[in-house]
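The values are calculated or read from the model by the stated rules, or taken from the named source; none is laboratory data. In this text the structure is predicted, and so the values were computed from the model without any measurement. FYI the Cβ positions are ideal-geometry reconstructions off the backbone, even for glycines, and counts take in every protein chain you see.
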């Protein structure tokens, strides 16, 4: 019985055929063979030994089942050494090593192919981008120049039109301002001149004398002459100057100065049998306004 159990528990080397690569499932992986421990072998051998030895009595069974001390010690030492490395276990290790190497090589090939594909794609993109950039740059420059020329011409035309309109409006505004202001300015100037003359009449007799001389210098000799002046200017003629006496003596032997008390200063009217000449300050200023109005074609403020 001892020899039977010994042969049953000893590991045996059998021929093993490796499965093909196509039959191997790489996804599930390799299950590593783990040899049973000494306790597991003894537990597995106990039922078998009981089955082989039927009950024949306690004494006979104990005598036959008990091994000799030397043999039992040798078996324990042999079991303590552990199971020897079997061909199956070696084949499994080799297969696992081959699979790991295959996985690494496949991963390297995939990585290399991926990098090469990315490099080629980048080169293609760069080439297309450079070519498109060159073509587009040339076309863009030409189009930009054409657009710039058209924009510049359009801008120049628009500015010219705006400037022309502005000048027209400015000219109209200037003329309007001139027309509006020149009437006022001219009237102001004439009013100032008239006031100056009237002030001069009050301060000097030369003004009224000059007015009479101007009114009679173109007259021919007359039978009589009447000179009408304002009452305030009569005092200025209290003493007639030699120049006025000479002028009036050459005009007529009958000269009469008639004061007009209600008239404003600067009144000077010369009457002869042939004509009446109004040389008053107000009349002369009105004549000046009419002359300026006719020359400038403007309607003056009355």
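Assorted remarks:
- Every condition in (1) modelled with pLDDT under 80; (2) under 60 Å from the mean Cα position of the chain (by Cα); (3) more than 21 Å from residue 295 (Cα to Cα) is met by residue 184 except one, and the failing one is (3).
- Selected residue (only one of 212, 255, 229, 208 is over 24 Å from residue 292 (Cα atoms), at pLDDT 80 or above and touching a helix residue (DSSP H, G or I) at 6+ places or on another chain (Cβ under 6 Å)): 255
- Sole residue being surrounded by 10 or more Cβ atoms within 10 Å (Cβ to Cβ), part of a helix (DSSP H, G or I) and more than 60 Å from the chain's Cα centre (by Cα), chosen from 145, 211, 219: 211
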